[in-house]
Structure formats: C-alpha cells, structure tokens
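Below: one structure, written as structure tokens.
The values are calculated or read from the model by the stated rules, or taken from the named source; none is laboratory data. Computed from a prediction, not measured in an experiment: that's the story for all the values here. Cβ sites come from the backbone with ideal geometry, for glycine too, and all protein chains shown count toward neighbours.
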C-alpha cells in the first residue's frame, strides 16, 4: 500500500458518522449524531428534542433531573437509545481533545486524534452491539472491544495505543471510584489475540459479535463476587483525594492477597497496582504522594510476579508482566 493510499489519521466526525450509517444501517436509522464542537450544536439538540414524542421527552426530562447537562452543549460524549421506539442519540467531539483532570492523568501518552476516534467508536458500540446500551460493566466491555476492533480496522489504533487506553481505563477506575468502566481485561485479550484472528478482515457484524463474546468472558459479571469485591476495595468520593487514592491501593492489595491468581478479580487488582507502581517509579508527580513501600507491599508485588510465571499464549509470546498475568485467565482463548 502506497503512502498516498493509507487512511488519514486525522479524525473526521462526518466521515465517522457516514461509516457508522453504512455499516449499521438498521441500528443507526433513528440515531441523531451530534458533534459537540459544532458552534450550533445547541440548536441542533433543541430541534432534536422538539421532534421527540411526548413519552421520549419525558424520558429526557427524567435524565435531566439527575444530569442537567444531558442533551446540551455542556454534555460529554455518550450514547442513549429510547426504550420506547428505538430513537437514539450519540454525542462526541469532532476536532478537539476534552479531558477532565482525572482523564488527563489516566490517559497520558494517548494522541488526541486517536482519543477522538476511540471515543466515537466506543459510544457507537453502545448503540450497535447487542445489550451494550444497558448500564454496567458488561456494556462497557462490549463498547470498548468494539472500539478497539474498529480502531484496528481503520488503522487508527495500534497495539501500543490499546495498551495505553487499557491502562487509562484501569487508572480511571481507581481515580474516579468507578468500577463499571474497568475494561482492561477485554483490551489486553485483544492485544494478545491468542487465536491470531485477522481482525482487519472481519465484517461489521462479526466485530459486534466478538465484542459481545469479550463482554461475556471478561466483565465483572462473569465472575461471581467480582463487582462486590472491587467496589469494597475502591472507596467512594467521601474520602479526601489523597486518602481516597491511598485507601484504594491498599484495598486492591487486599484483593491480590485474598483471590486466586487465575481470577478476574486478582487480574484487575494486580493490573491497577502494577500501572500505578510503574508510573510512580517513572516520576509521575501526580502519584508522588502514593506509598507502595514496605514489607507488605513487597509481598503483594512478589505474589503478582509469581502469578505471571506461566505458559506461552499460542504463538504470540507475552512480552510484558501484564501479558504474562493475563495468560493465566481461562477464558483468554476466545
């Protein structure tokens, strides 16, 4: 392939919408797409709202009771489909990077254009993958698997990019006290790709099916007690920031000590700890106050290291400690 024929790596919102409608015509027929960077996006949203049925308007109004910014220019990327008649909407940014302080800390090293593409594809996944329009960790796994595969096909994402995104998902779980968006296991499995699937040859429908399979295998609902364990380990926003983060690390260390090394709970806890430790040792100023020293922490990381001493994965030999750790999980051979 000549350089001139390579796809542009600059995200194009209009093209992304056109591709979505082409690949999933039935799923997107009633969906309105909003570019949050458009100067008149507010009036576009008002027009959309005015055209809704009375019942759908009541659904939107109910959401606004909890989230006043919903369906306004102040909103953040999201997807929503009405339970009444399938009318949906999807919002994403088209040309700029918009991150909260927590997201900036979590997704360090991810290119702006890749972030835009990944975010759009993730929200699209919520609309076109089976059951991904529901709330919860399983839906987030499905949407992330879809976004990764979509990124591979378009050449927007490489394996290293996916590792950064997976790392960011884990970090946000810890930083934002949000276990529903911890989806690193799905993305790690796609990077390892134990069956050497040719992802770029898949049809849009096949991508959606693989996304469902990964959600079923790697979401917290796949392991009894995983959700409860992670929720108990990561504290709520009631703590001060520094105390909250340190308490979360210590809670995750407890999960490493108590759970089987081949469990999803062990993997998720170990992965977050390894990421935080690596960033702290690299001199990340945002993690300077975090304390992972002493005999108990040495014991924790020794247990993680031992868990990574395992067999190869198909022909793709794991090169990192995380990949070796991931290879222990029984459902990795999707």
Checked segment 107-131 for anything farther than 18 Å from residue 152 by Cβ, within 15 Å of the chain's Cα centre (by Cα) and in a loop (DSSP other than H, G, I, E, B); matches are 107, 108
Please determine whether any residue of segment 148-155 is within 28 Å of residue 284 (Cα to Cα) and either outside the structural domain of residue 103 (by TED's automatic domain parsing) or in contact (Cβ under 8 Å) with a residue 40 or more places away in the chain (or both). yes
Among the numbered criteria (1) surrounded by fewer than 19 Cβ atoms within 10 Å (Cβ to Cβ); (2) over 16 Å from residue 214 (Cα atoms); (3) in contact (Cβ under 8 Å) with a residue 40 or more places away in the chain, which one does residue 112 miss? (3)
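A quick yes/no check of all residues on (1) crowded, with 18+ Cβ neighbours inside 10 Å; (2) assigned to a helix (DSSP H, G or I); (3) outside the structural domain of residue 132 (by TED's automatic domain parsing):
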position: 9; (1), (2), (3): no, no, no
position: 17; (1), (2), (3): yes, yes, no
position: 20; (1), (2), (3): yes, yes, no
position: 43; (1), (2), (3): no, yes, no
position: 47; (1), (2), (3): no, yes, no
position: 70; (1), (2), (3): yes, no, no
position: 80; (1), (2), (3): yes, no, no
position: 86; (1), (2), (3): no, no, no
Is segment 212-222 home to any residue that is surrounded by fewer than 24 Cβ atoms within 10 Å (Cβ to Cβ), under 25 Å from residue 249 (Cα atoms) and touching a residue at least 12 places away in the same chain (Cβ under 8 Å)? yes
Please specify each residue of segment 128-164 satisfying the condition of being surrounded by fewer than 24 Cβ atoms within 10 Å (Cβ to Cβ) and either in contact with a strand residue (DSSP E or B) (Cβ under 8 Å, 6 or more places away or on another chain) or under 21 Å from residue 227 (Cα atoms) (or both). 131, 133, 134, 135, 136, 137, 138, 139
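Say whether the condition of being within 22 Å of residue 122 (Cβ to Cβ), touching a helix residue (DSSP H, G or I) at 6+ places or on another chain (Cβ under 6 Å) and buried (at least 24 other Cβ atoms within 10 Å of the Cβ) is met by at least one residue in segment 231-243.
Start the filter on segment 231-243 by keeping residues that are within 22 Å of residue 122 (Cβ to Cβ), which leaves 234.
Within this subset, residues satisfying the condition of being touching a helix residue (DSSP H, G or I) at 6+ places or on another chain (Cβ under 6 Å) are 234.
Then drop every residue that is not buried (at least 24 other Cβ atoms within 10 Å of the Cβ), which leaves 234.
Within segment 231-243, one or more residues are within 22 Å of residue 122 (Cβ to Cβ), touching a helix residue (DSSP H, G or I) at 6+ places or on another chain (Cβ under 6 Å) and buried (at least 24 other Cβ atoms within 10 Å of the Cβ).
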Just wondering, is there one or more residues in segment 234-254 that are assigned to a loop (DSSP other than H, G, I, E, B), within 30 Å of residue 195 (Cα to Cα) and at pLDDT below 90? no
Out of contact with any helix residue (DSSP H, G or I) (no Cβ under 7 Å at 6 or more places or on another chain) and either outside any helix (DSSP H, G or I) or at pLDDT 85 or above (or both): does that describe residue 324? no
Considering every residue within segment 171-178, establish whether at least one is surrounded by 17 or more Cβ atoms within 10 Å (Cβ to Cβ) and farther than 20 Å from residue 275 by Cα. no
